[in-house]
Amino acid sequence: MRLKEEKKKKRRRRRRGGAAASSSTTFSTSAYVTKEARQTAFGLAKEQVEEANAPVSGNLPSWLRGTVVINGCGDYRGMEHLFDGFAFLTRIHLDGVTGRATASQRFLDTDAYRSFRKTGRMKYREFQTPVPADGPVGRVQVVLENIKALMSKGRAFTDNASINLIPLPGNRLLALGETRSAAYIVDPATLATVRQVEYDDDFPGDLTTAHPKVAPDGSIMSFTRSLPLGGYHVFRQDPVTLRRTKIAFIRDRNPWAPCWVHDMAITSSSLVVVETPLFISMASLILGTKRPYAFMDWKPEAGSRVHVIALDGSGVVTHTAPAFFTFHLGNAFERPSGTSSGTEICLDFSVYDDPEIINDLSLARLKAFPGKDISPGRLRRLVIPLRDAANRPVGPSTLAAPVPLLIDENAYGNFFEFPAINPRFRGKPYRYMYGTAAIRPTNMGNALARHDVEKGNSIVCSIPGSMPGQPIFVPRPDGSTEDDGVLLAPKIMPGGRSVLCVYDAADMSGLANVDLPFKVPYRFHGAYVAAKD
């Protein structure tokens, strides 16, 4: 009887989008994301400005009342890479009391998208796709315009804020890309573009990170990049006024070829910036020529640099480490040192041997069916010395390579991306990390995983043929344990329809599916805003 009941539970979880969880991966050709799902993921999205009903199957927790907004791209016409499309926002409002949901989606009103919509041509270079040119004369004209914009400190890079969303006080969202101009205030209730963020300070730099971090005092930590002949201008930002205050400067090791940095991490006292040996080619950015990895070159012999920046502005310590590549940093926290009487930082993140994953995310590879297997990326821990017994900063030091956190890395398909944790444990010691995983063979993430970094095991769940996005952890308001909450994960089903899956974060069982009334393209990062009573 117990076996029959367990089988019934598994069937119910599959119907709700939470396929049976397991501690190991099943390798099957049915793991490939279907052609229909790929068409939805990389096709032209349609706006749904007015809120539409979104049927719910299963049961939303009664305490789950709020709105999830997710950023990503919605128009890839003429584009070459997953990171190139024009910014497109998806909104799902959840009411666990009534068990109902509504949804809408619309393009972010950027200069890049307005120009494309009006002329049918790109105005700015995107991540991998250069501005198209008509013949040699047209290419020369594009190059001269790029040089002029760079020299004049004008807008040399796109304002396409398609990557991330940061909640701000006053019921606002900050949509971000990786350029200074790709910053927009968005109304989470309507998805209306309120305004572009313009700064009146003298901070140099055209590039930035799309992953700023919120400090313990509520301020926002980030940096700009001046290039060439520059470096990282690290600043603290007021979340209300968005006014910036500089706290540190880190000079580039190669003044003519700065390294590309996508993310960073934060602890109770420090900001951690991991600089892998992936160097930007200024010639590629200006001339529109190709390099082995979009506009960048991989030089593993240079090794990695790890910058530990004191949040109080008291200094920077730069450590060296072996060569590796990463997109996203999951969490960082401080603990007593394992080798001395001081303290150290544990940084847990997704680690690749090299940046081939960048090429894996080209649209040509992603659309190929079944396609080349995606490069391995693993959940690893980097240990960084912080302070000695006298509370003095330690270093610079030569760090050991990041080490595995899990006993069996095959259990999640040797692939880990889009890390998420309970936000109450950000920058603190924690136990559970969630993210996308792989059931191989596959050329993209096709599963979700829950990793127990204390026990070293994983729970992986998937629906064959589907494509999940980053899970967002929403803690139960009165929850007493770290995994007491739900995961909200966008997913494209095998037939091409789009759903928002609601999982129990404790065991990855499916609680509910929100069947969206429109197709939602591939999503990057999002934010959950709880309803106010």
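The values are calculated or read from the model by the stated rules, or taken from the named source; none is laboratory data. Nothing here was measured: the structure is a model prediction, and the numbers come from that model. For neighbour counting, all protein chains shown are included, and Cβ atoms are generated from backbone atoms with ideal geometry for every residue, glycine included. Heads up: the accessible areas ignore ligands, DNA and RNA and are worked out on the full protein's heavy atoms, side chains in. Shrake-Rupley method; radii C 1.70, N 1.55, O 1.52, S 1.80 Å.
Efficiency by 1/(1 + (r/R0)^6): what FRET value for S480 and A133, r their Cβ-Cβ distance, R0 = 60 Å, to the nearest 0.05?
Calculated transfer efficiency: 0.50.
Whole-Hz ³J(HN,Hα) for each residue in the range 50-64, computed from phi via Karplus 6.51 cos²θ - 1.76 cosθ + 1.60 with θ = phi - 60°, x for glycine and proline: what do you get?
So the J values, rounded to whole Hz, are 7, 4, 10, 5, 10, x, 10, 10, x, 10, 6, x, 4, 7, 7.
Taking +1 at the Cβ of each Lys and Arg and -1 at the Cβ of each Asp and Glu, which of N422, I266, F223 sits farthest along the dipole of the chain towards its positive end, judged by Cα position relative to the Cα centre?
Toward the positive end, the furthest listed residue is N422.
Under 8 Å for C-alpha pairs, at least 6 residues apart: give me the relative contact order for the chain, rounded to a whole percent.
18 percent
Once the principal axes of the Cα atoms of the range 256-352 are found, what is the range along each, listed largest first in whole angstroms?
51, 27, 21
What longest range of the chain stays clear of loop-exposed GluC sites (Glu not before Pro) (DSSP non-H/G/I/E/B, at most 14 other C-beta within 10 angstrom)?
199-453
Of all trypsin sites (Lys or Arg not before Pro) in the range 204-264, which ones are in loop regions per DSSP and have a Cβ with at most 13 other Cβ atoms within 10 Å?
Those satisfying the criteria are R243.
Write down the accessible area per residue of the chain in Å², having rolled a 1.4 Å probe over the full set of protein chains.
40 Å²
List the chymotrypsin sites (Phe, Trp or Tyr not before Pro) within the range 227-293 that DSSP assigns to loop and that have no more than 15 neighbouring Cβ atoms inside 10 Å.
W256
Could you let me know the centre-to-centre spacing of the range 364-391 and the range 95-122, using Cα atoms, in angstrom?
First find each Cα centre; the distance between them is then 31 Å.
May I ask you to give the percent of accessible area on the chain that is carbon plus sulfur, with a probe radius of 1.4 Å?
Ligands and nucleic acids excluded, carbon and sulfur give 53 percent.
I need the trypsin sites (Lys or Arg not before Pro) found in the range 435-520, filtered to DSSP loop residues with at most 16 other beta carbons within 10 Å of theirs.
Answer by residue number: K455.
When the convex hull of the Cα atoms of the chain is projected onto a plane and the area is averaged over all directions, what value comes out in nm²?
24.4 nm²
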